[in-house]
Amino acid sequence: MGLFQLSKKKAGIGLDLGNKWIKTVRLTKKGKKLELNKLGRTYLKREEIEDKKKLREKIKILLNSLSIKDREVSLSLAGHSVIIKRLKLPKSEGKEEKLEDTIKKHTKEHIPFDIENVYMDYFIIDNPEGDSKNIEYFLVASKKNVVNELKDFIEGANFKIEGIDVEGFALCNCFEYNYPDYISDTTYLLDIGGVNTIFCVYSNGMPLLIRDISLGGDQLTDVVKQVLNKNFFECEKIKINGFSSVAPKDKILIQQKMEELYLTWIDEIQKIIYFYISNNPENKEVENIYLSGGGSLSPKLKEVMEEHLEKNIDFLNPFRKIDIPIANFDLEYIKSVRPQFAIATGLALRNFI
Ligand SMILES: Nc1ncnc2c1ncn2[C@@H]1O[C@H](COP(=O)(O)OP(=O)(O)OP(=O)(O)O)[C@@H](O)[C@H]1O
Ligand SMILES: [Mg+2]
């Protein structure tokens, strides 16, 4: 689902403008298969995030460095800039009119601003274990000015928007394309970014719940900063490159504090899981959690989650069903960073699915 429909093309570029890093993925179609054609990421310093001119420059530098010549890119909207609601409509309502019209009327009550000022999309949730008296649907609405601002921003960098998707949906798209064998199971997806985390419940080909949680890898960099007393950028580098340059006693302290923080994250996640379960008691228990986002690469996070959440935890591989030409990419590098590209890949995939 997307706020704009796309035409089918030979290449798709996803540009994930995160709060901390820009990620881009270019996919091309080779016969029936998709191939990874380009992949790149760049860190954003605070002044680059706050200054639109600098941010545009950063995007241009990244895409130029990858020799990406296309001018059309797909972007995402963060969860907080859209309204995502799972709503119920009695099946008996509006039988004599088109479902689309009934949904539009029904939806008006759930949007806190004038319907004329929003872009809206919806899809029906096919939840066989759910309630049979109501039609359930997912509503996505975004204020037109938010979308228009993003459009102006990207056009100012000489790009055009090919499609816009909500981050949570791009994440689900990425999972759906790459894990067709898991589609009938219910799965939790967790994209841990720099400041935000997206939690999705994905089941039978669609999301059942999408939640934003205010936590992310920045908090871990802050832990490093507290212990080492260096600037944020240096601490970010130290965190990502491992702690080989850090004195053993500081390393132990950092690891200890990081693990304490992980436990607070797990607590937050557990609360949402309980919320989901208590609202969907008829649904089967979820066994698998797929982690993505740069924050998921934090040392020992997966292991600590495994221990406390008692689920099968794995990293989401955005290229599980996408060919990677070995002559053009360092596979070891791709393997070490690929969860961070889940949303960018989900966006790029919109051109093909
Ligand atoms: N190898 C790594 N080890 C540990 N942390 C990492 C690694 N690579 C990236 N990160 C962390 O991932 C975070 C950035 O992840 P990501 O790019 O998914 O976030 P973002 O999309 O920019 O942020 P948000 O989703 O909050 O808008 C940063 O906190 C960064 O330090
Ligand atoms: Mg992100």
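Report yes if some residue within the stretch 335-347 is surrounded by fewer than 16 Cβ atoms within 10 Å (Cβ to Cβ), away from ligand 2 (no atom under 14 Å from the Cβ) and not hydroxyl-bearing (Ser, Thr, Tyr); otherwise report no. Walk me through how you get there before you give the answer.
Here is the first cut: in the stretch 335-347, the residues surrounded by fewer than 16 Cβ atoms within 10 Å (Cβ to Cβ) are 335-337.
Next, only the ones that are away from ligand 2 (no atom under 14 Å from the Cβ) stay: 335-336.
Cutting the leftovers down to not hydroxyl-bearing (Ser, Thr, Tyr) gives us 335.
Yes, the stretch 335-347 contains at least one residue that is surrounded by fewer than 16 Cβ atoms within 10 Å (Cβ to Cβ), away from ligand 2 (no atom under 14 Å from the Cβ) and not hydroxyl-bearing (Ser, Thr, Tyr).
Among the residues in the stretch 160-172, are any hydrophobic (A, V, I, L, M, F, W, C), touching a Lys or Arg at 6+ places or on another chain (Cβ under 6 Å), away from ligand 2 (no atom under 14 Å from the Cβ) and more than 15 Å from residue 317 (Cα to Cα)? If you could, list the steps in order and put the result at the bottom.
Start the filter on the stretch 160-172 by keeping residues that are hydrophobic (A, V, I, L, M, F, W, C), which leaves 161, 164, 166, 169-172.
Then keep just the ones that are touching a Lys or Arg at 6+ places or on another chain (Cβ under 6 Å); that gives 161.
With away from ligand 2 (no atom under 14 Å from the Cβ) added as a condition, the list becomes 161.
Next, only the ones that are more than 15 Å from residue 317 (Cα to Cα) stay: 161.
Yes, some residue in the stretch 160-172 is hydrophobic (A, V, I, L, M, F, W, C), touching a Lys or Arg at 6+ places or on another chain (Cβ under 6 Å), away from ligand 2 (no atom under 14 Å from the Cβ) and more than 15 Å from residue 317 (Cα to Cα).
Any idea which residue in the stretch 29-55 is farthest from residue 10 (Cα to Cα), counting only those that are open to solvent by 40 Å² or more (accessible area, probe 1.4 Å) and touching a Phe, Trp or Tyr at 6+ places or on another chain (Cβ under 7 Å)?
If we take residues in the stretch 29-55 being open to solvent by 40 Å² or more (accessible area, probe 1.4 Å) and touching a Phe, Trp or Tyr at 6+ places or on another chain (Cβ under 7 Å), then 45 is farthest from residue 10 (Cα to Cα).
Could we say that residue 278 is assigned to a helix (DSSP H, G or I), more than 30 Å from residue 10 (Cα to Cα) and among the small types (Gly, Ala, Ser) here?
Considered against the rule, which asks whether it is assigned to a helix (DSSP H, G or I), more than 30 Å from residue 10 (Cα to Cα) and among the small types (Gly, Ala, Ser), residue 278 comes out as yes.
Look at the stretch 302-334 and say how many of its residues are in a loop (DSSP other than H, G, I, E, B), loosely packed, with under 13 Cβ neighbours inside 10 Å and modelled with pLDDT of 95 or more. Quick ask: steps written out before the conclusion?
At the first step, the residues of the stretch 302-334 found to be in a loop (DSSP other than H, G, I, E, B) are 310-311, 316-322, 324-330.
Next, only the ones that are loosely packed, with under 13 Cβ neighbours inside 10 Å stay: 310, 325-328, 330.
Now narrow it down to the ones that are modelled with pLDDT of 95 or more: 325-328, 330.
Total satisfying the criteria: 5.
Have a look at 47, 93 and point out the one that is away from ligand 1 (no atom under 16 Å from the Cβ), of a type in the set (Asp, Glu) and at pLDDT below 95.
93
Which of the residues belonging to the stretch 173-204 are open to solvent by 10 Å² or more (accessible area, probe 1.4 Å) and within 13 Å of ligand 2 (Cβ to nearest atom)?
Scanning the stretch 173-204 gives 191, 193, 194, 195, 196.
Those residues that are open to solvent by 70 Å² or more (accessible area, probe 1.4 Å) and under 30 Å from residue 63 (Cβ atoms), I need them from the stretch 73-102; list them, please.
80
Here are 215, 220, 209: which of them is surrounded by 15 or more Cβ atoms within 10 Å (Cβ to Cβ), farther than 19 Å from residue 295 by Cβ and not assigned by TED's automatic domain parsing to the domain that holds residue 126?
209
Please find, within the stretch 268-301, the residue that is surrounded by the fewest Cβ atoms within 10 Å (Cβ to Cβ) out of those that are closer than 26 Å to residue 21 by Cα and of a type in the set (D, E, K, R).
In this case the residue turns out to be 300.
The values are calculated or read from the model by the stated rules, or taken from the named source; none is laboratory data. As the structure is a computational prediction, the values presented were derived from the model and not from experiment. Here the Cβ is made from the backbone with ideal geometry for all residues, glycine too, and neighbour counts use every protein chain on show. Ligands, DNA and RNA are stripped out before the accessible areas are found, and what is left, the full protein with its side chains, is counted by its heavy atoms. Shrake-Rupley method; radii C 1.70, N 1.55, O 1.52, S 1.80 Å.
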